[in-house]
Structures are given as C-alpha cells and as structure tokens.
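To keep things clear, I will list the structure first and then write my remarks on it.
The values are calculated or read from the model by the stated rules, or taken from the named source; none is laboratory data. Just so you know, these numbers come straight off a predicted model, no measurement behind them. Note that we place each Cβ from the backbone using ideal geometry, even for glycine, and neighbour counts take in every protein chain shown.
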Amino acid sequence: MTSWDSVPEKFRASSAALPEPWEDIFGGLRSSRTNGCIAVGQIGQSLDGRIATPTGHSHYINGSAGLDHLHRLRALVDAVVVGIGTAIADDPQLTVRRVTGPNPARVVLDPGGRLPAGAKLLADDGVRRLVVTAEETRPSFPSGVEIIALPRTGGQISPAEILTALAERGLRRVLIEGGADTVSRFLAAGCLDRLHVVVAPIILGSGRTGINLPPIERADQALRARMRIHRLDDEVLFDCDLSAQRAAAGRANTST
Ligand SMILES: NC(=O)c1ccc[n+]([C@@H]2O[C@H](COP(=O)([O-])OP(=O)(O)OC[C@H]3O[C@@H](n4cnc5c(N)ncnc54)[C@H](OP(=O)(O)O)[C@@H]3O)[C@@H](O)[C@H]2O)c1
C-alpha cells in the first residue's frame, strides 16, 4: 500500500489522481455539485446498526483501521462538525492524531449554548474553533471562539444554512462526524454529498441506532445510493455517493 503521508498535501494541491489505494477511497471527495463545497457524513456502527450503547458509550465501536479512516477524513477536510450531544458525551479533541495531516477547524452545533467552556474541542491550539448557535442564544465562550448565530426554524437550524455559513468563512470541505442525530439531519435535508459508513464486526444488541430519517411506508421507497465498498482490515467501509440526492446549495451557490 502506498504511504499516506503525502496524500493530504496532494489532495489540496492539484486535481491529479492520488496514489492508490487513496484515490479509490477518497477521490470521490473532490467532485462537487455545489460550487466547490463538499459535505461528507460519517458513521461508525456495529453489524446491527448501533452507534453507541444505551448509556451513550461509543469508544470505540470501530477498530484501529476504522479509526485511521476517520482521522484520514479529518485530515482532508477544512472543518469537522459535531452535534452538542457528541461534544458533551465524548468531549472529543477532533484532531488528526493517528495519521499524518493537518488538523481541521472544529465546529459544534450547539443551538442552546450548552457547550462547557472547558470542552477539549475549544482548546486554544492554533486551530479555528466555531460554535453554531440559534440567533436568540447568547453564549459565552473563551476568546478566539467564532460564534455563528443562525435562525432556528421548526426546532432546527437549516443544515444548508450551516454549510453556507461555513463556506462563507472559507470552510468549504466539511466532515459531518456525528452523532447520528446530526448526520441524519444533514442527510434528511439533502445536504450530504457522500456518506461513509464503517461497519465493525461486532453486535451490540442494544443501544442507539445510526441513521434515522422520516418514516417511509415501503422498502422500495428507501434511499438508494450508488455505493462503493472497501475493506479496512476486518471492517467494511460503505462509501455512498449521494450526489443525486444533493439539494441545491442555496446561498452557497452565490458565495465567493
Ligand atoms: N459511532 C459514531 O460514529 C459516533 C460518532 C459521533 C458520536 N457518536 C455517539 O453519538 C452519541 C451522540 O449523538 P446524538 O445523535 O445523541 O447527538 P449529536 O448528533 O451529537 O447532537 C445532537 C444535538 O446537536 C444539535 N444539533 C445537531 N444538528 C442540529 C441542527 N441542524 N439544528 C439545530 N441543532 C442541531 C441539537 O442540540 P440541542 O439538543 O441543544 O437542540 C441536537 O439535539 C454519543 O453517544 C456519541 O458517543 C458516535
């Protein structure tokens, strides 16, 4: 297997094909229908479709190959986005530690301003830190943390508006890392270009399920995506191409 080390730089520097196997796995993150903006969701789940135990414990459903894959995704994007549920449950660092590559900006979706000021992802380590809140929220975060206040309609901030706001701040390639609620909202809104599902060979038997979308009546109404499958040691990556379902980018089409 060709070394990963030069891939993050090559990925950004030109559109030339990456050395294999990396082009095969990550080349799809380059093509964008939305003016150069790309959003990729990721879910690490058990064979029975769970992303955490009933207590919310998820460290680690995936093994080392799956975790390396997640860190490679982080190394290729401008920003990594998590929901406040994950920020509180896991207190993640969201850095690239397992592979070579730059750390992405860290973004938390926290409409109610619940994120503790001591959260690890707010650490002042030279990387941009952003919190997306609802307009009416008046959060107080450490200096240097960028706050993006957006309207909340029907209980949620529009995922399309979130992507547009990030693009306007120069964050055009975005990883929606979790949790399931956050990834599901972006998927339901047609705001993912790709979804990487890494299935680990374990059965949790109970706990939180992965993607949740509005109910359908019949199986033939299921979202069916073009799919590529990659083996990551004893785990399997399903790389779903959602470009056919991708919603128009709204303001993102007109920015920059
Ligand atoms: N296996 C994996 O790949 C993986 C990855 C990450 C996390 N996890 C696990 O997932 C669990 C947490 O996931 P979760 O699904 O419960 O929560 P989550 O997705 O991390 O956070 C959900 C919350 O984020 C806010 N939010 C997200 N999108 C929003 C939007 N468009 N508009 C407004 N608010 C939005 C809402 O906050 P408010 O409630 O304040 O409105 C929402 O309730 C933890 O157990 C964690 O360990 C697993």
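For the stretch 95-115, filtered to residues that are touching a residue at least 60 places away in the same chain (Cβ under 8 Å) and of a type outside the set (A, V, I, L, M), the residue that is nearest to the ligand (Cβ to nearest atom) is Pro104.
Each residue in the stretch 7-56 was checked for being in contact with a Lys or Arg (Cβ under 8 Å, 6 or more places away or on another chain), closer than 23 Å to Leu171 by Cα and of a type in the set (Lys, Arg), and 1 pass.
Do the conditions hold for Leu47, that is, is it within 16 Å of the ligand (Cβ to nearest atom), closer than 18 Å to Leu232 by Cα and either assigned to a loop (DSSP other than H, G, I, E, B) or aromatic (Phe, Trp, Tyr) (or both)? So Leu47 passes the test.
The conditions of being surrounded by 14 or more Cβ atoms within 10 Å (Cβ to Cβ), among the hydroxyl-bearing types (Ser, Thr, Tyr) and away from the ligand (no atom under 11 Å from the Cβ) are not met by Thr182.
Among the residues here, Gly41 does not qualify as over 12 Å from the mean Cα position of the chain (by Cα), within 15 Å of the ligand (Cβ to nearest atom), among the small types (Gly, Ala, Ser) and not in a helix (DSSP H, G or I). Going through Leu195, Leu204 one at a time, which residue ends up being under 28 Å from Arg12 (Cα atoms), modelled with pLDDT of 95 or more and not small (Gly, Ala, Ser)? The unique qualifying residue is Leu195. Which one is surrounded by the fewest Cβ atoms within 10 Å (Cβ to Cβ) among residues in the stretch 52-75 that are among the hydrophobic types (A, V, I, L, M, F, W, C) and at pLDDT 95 or above? Filtering first and then ranking leaves Ala65. Does Leu109 satisfy the criteria of being buried (at least 19 other Cβ atoms within 10 Å of the Cβ), within 17 Å of the chain's Cα centre (by Cα) and within 20 Å of Gly179 (Cα to Cα)? Criteria met by Leu109. Note on the stretch 59-68: residues that are within 11 Å of the ligand (Cβ to nearest atom) and touching a residue at least 60 places away in the same chain (Cβ under 8 Å) total 3. Here Arg72 meets the list (1) within 8 Å of the ligand (Cβ to nearest atom); (2) not in a loop (DSSP other than H, G, I, E, B) almost entirely, failing just condition (1). Put simply, of Glu161, Glu136 the only residue that is within 12 Å of the ligand (Cβ to nearest atom) and more than 11 Å from Val81 (Cβ to Cβ) is Glu161.
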